[in-house]
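Data block below; observations after.
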Amino acid sequence: MDVSFLGGPHPQRGVGVVAPFDFALDRELWRWVPDEVSLHLTRTPYVPVEVSLDLARLVSEHETLGEAVRALSAAEPEVLAYACTSGSFVGGIAGERAMCEAMTREGAVASVTTSGALLEALDDLGARRIALVTPYTWSVTQSLEHYLAEAGVSVTGRAYLGLTRHIWKVPYKDVADMARRAVLGGADALFISCTNLATYDVIPQLEAELRMPVISANQVTMWSALRRLGTHAVGPYQALINPSARPGVGPVAGPGDMPGVVPLDPPQGLPEGPPPLP
């Protein structure tokens with residue numbers, strides 16, 4: 001059978017993704033990526049440490065990043081993305097910038113990290129007061145708040161799970177319950193942290209219910225990397241991706257007004273909140 005009429009394969013543009021060894025949500029990243037872009041993923045070496053600040057430091061060492069970027073070089077990506085929130089905020093703003101510089105030196109292409117992409121997304125949304133949801137322990141959550149404060153972003157409310165493993169198994173219901181708890185203090189936007197926490201389907205649901213932009217770690221990472229390719233992330237009714245979905249732009253839609261969006265169940269038995277920041 002002659003298949004020459006198909007003319008393919010079509011040219012692809014590549015994003016090289018460096019993720020921690022325990023990253024389990026490859027498929028979620030792909031859902032934000034348009035058809036003409038391919039993701040080339042590699043993982044940092046395994047270390048027997050649970051999710052913590054120590055692990056964040058280990059998976060973000062420059063030598064580790066260099067080895068990962070070299071592993072991606074054969075695929076010739078046009079941009080590099082480090083897909084880990086804690087690994088890119090643990091060293092503060094200076095540490096995040098140094099990570100990007102290290103990856104760019106090794107790969108000779110533009111580089112982004114999840115935490116750098118977060119600040120970029122907040123700037124794009126004009127959000128300086130945010131509600132925060134994390135699956136982390138309190139110490140890791142607090143480190144993220146310090147990173148945000150360094151960038152001039154205040155946290156008006158937060159909810160966290162205190163997990164040190166199996167974060168990718170957290171169901172959407174738990175994410176939604178935490179989101180409702182976190183926004184009680186009022187905010188310009190809600191950020192759901194951790195690239196190992198599934199968020200793709202819950203974002204439009206929460207935006208419809210909470211009437212504010214909802215952004216997540218995997219979403220901002222892909223959005224920022226794709227911007228550097230001169231293209232756009234894809235996704236259903238997400239304020240970061242679709243400016244017409246932002247509050248104050250056109251009529252405000254309710255959950256029942258948006259295709260494919262089903263109202264979330266009300267929260268049941270929300271846990272107590274964390275201690276206040278010192």
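The values are calculated or read from the model by the stated rules, or taken from the named source; none is laboratory data. Model, not experiment: these values are computed from the prediction. Heads up, the Cβs are rebuilt from the backbone with ideal geometry, glycines too, and the neighbour counts pull from every protein chain shown. With ligands, DNA and RNA removed, areas are computed over all heavy atoms of the protein, side chains included. Shrake-Rupley method; radii C 1.70, N 1.55, O 1.52, S 1.80 Å.
Of the residues making up region 105-118, not a single one is within 18 Å of residue 197 (Cα to Cα), of a type outside the set (Lys, Arg) and in a loop (DSSP other than H, G, I, E, B). The single condition from (1) of a type outside the set (A, V, I, L, M); (2) over 30 Å from residue 77 (Cα atoms); (3) surrounded by fewer than 19 Cβ atoms within 10 Å (Cβ to Cβ); (4) in contact with a Lys or Arg (Cβ under 9 Å, 6 or more places away or on another chain) that residue 164 fails is (4). Scanning region 108-150 for residues that are open to solvent by 30 Å² or more (accessible area, probe 1.4 Å) and either touching a His at 6+ places or on another chain (Cβ under 9 Å) or of a type in the set (Gly, Ala, Ser) (or both) yields 108, 110, 126, 139, 149.
Here's the yes/no breakdown for (1) in contact (Cβ under 8 Å) with a residue 24 or more places away in the chain; (2) surrounded by 15 or more Cβ atoms within 10 Å (Cβ to Cβ); (3) more than 16 Å from the chain's Cα centre (by Cα):
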| site | (1), (2), (3) |
| --- | --- |
| 22 | yes, yes, no |
| 33 | yes, yes, no |
| 68 | yes, yes, yes |
| 82 | yes, yes, no |
| 97 | no, no, yes |
| 103 | yes, yes, yes |
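Of the numbered criteria (1) exposed (fewer than 15 other Cβ atoms within 10 Å of the Cβ); (2) touching a residue at least 60 places away in the same chain (Cβ under 8 Å), the one residue 46 fails is (2). Could you say whether any residue in region 112-129 is among the β-branched types (Val, Ile, Thr) and farther than 26 Å from residue 30 by Cβ? No, there is no match, as no residue in region 112-129 is among the β-branched types (Val, Ile, Thr) and farther than 26 Å from residue 30 by Cβ.
Strands (runs of 3 or more DSSP E) fully within region 123-240 that include at least 1 residues being in contact with a Phe, Trp or Tyr (Cβ under 7 Å, 6 or more places away or on another chain): 129-134, 154-160, 214-216. For region 3-15, enumerate the residues that are more than 27 Å from residue 170 (Cβ to Cβ) and either open to solvent by less than 20 Å² (accessible area, probe 1.4 Å) or touching a Gly at 6+ places or on another chain (Cβ under 8 Å) (or both). Within region 3-15, just 14 meets the criteria.
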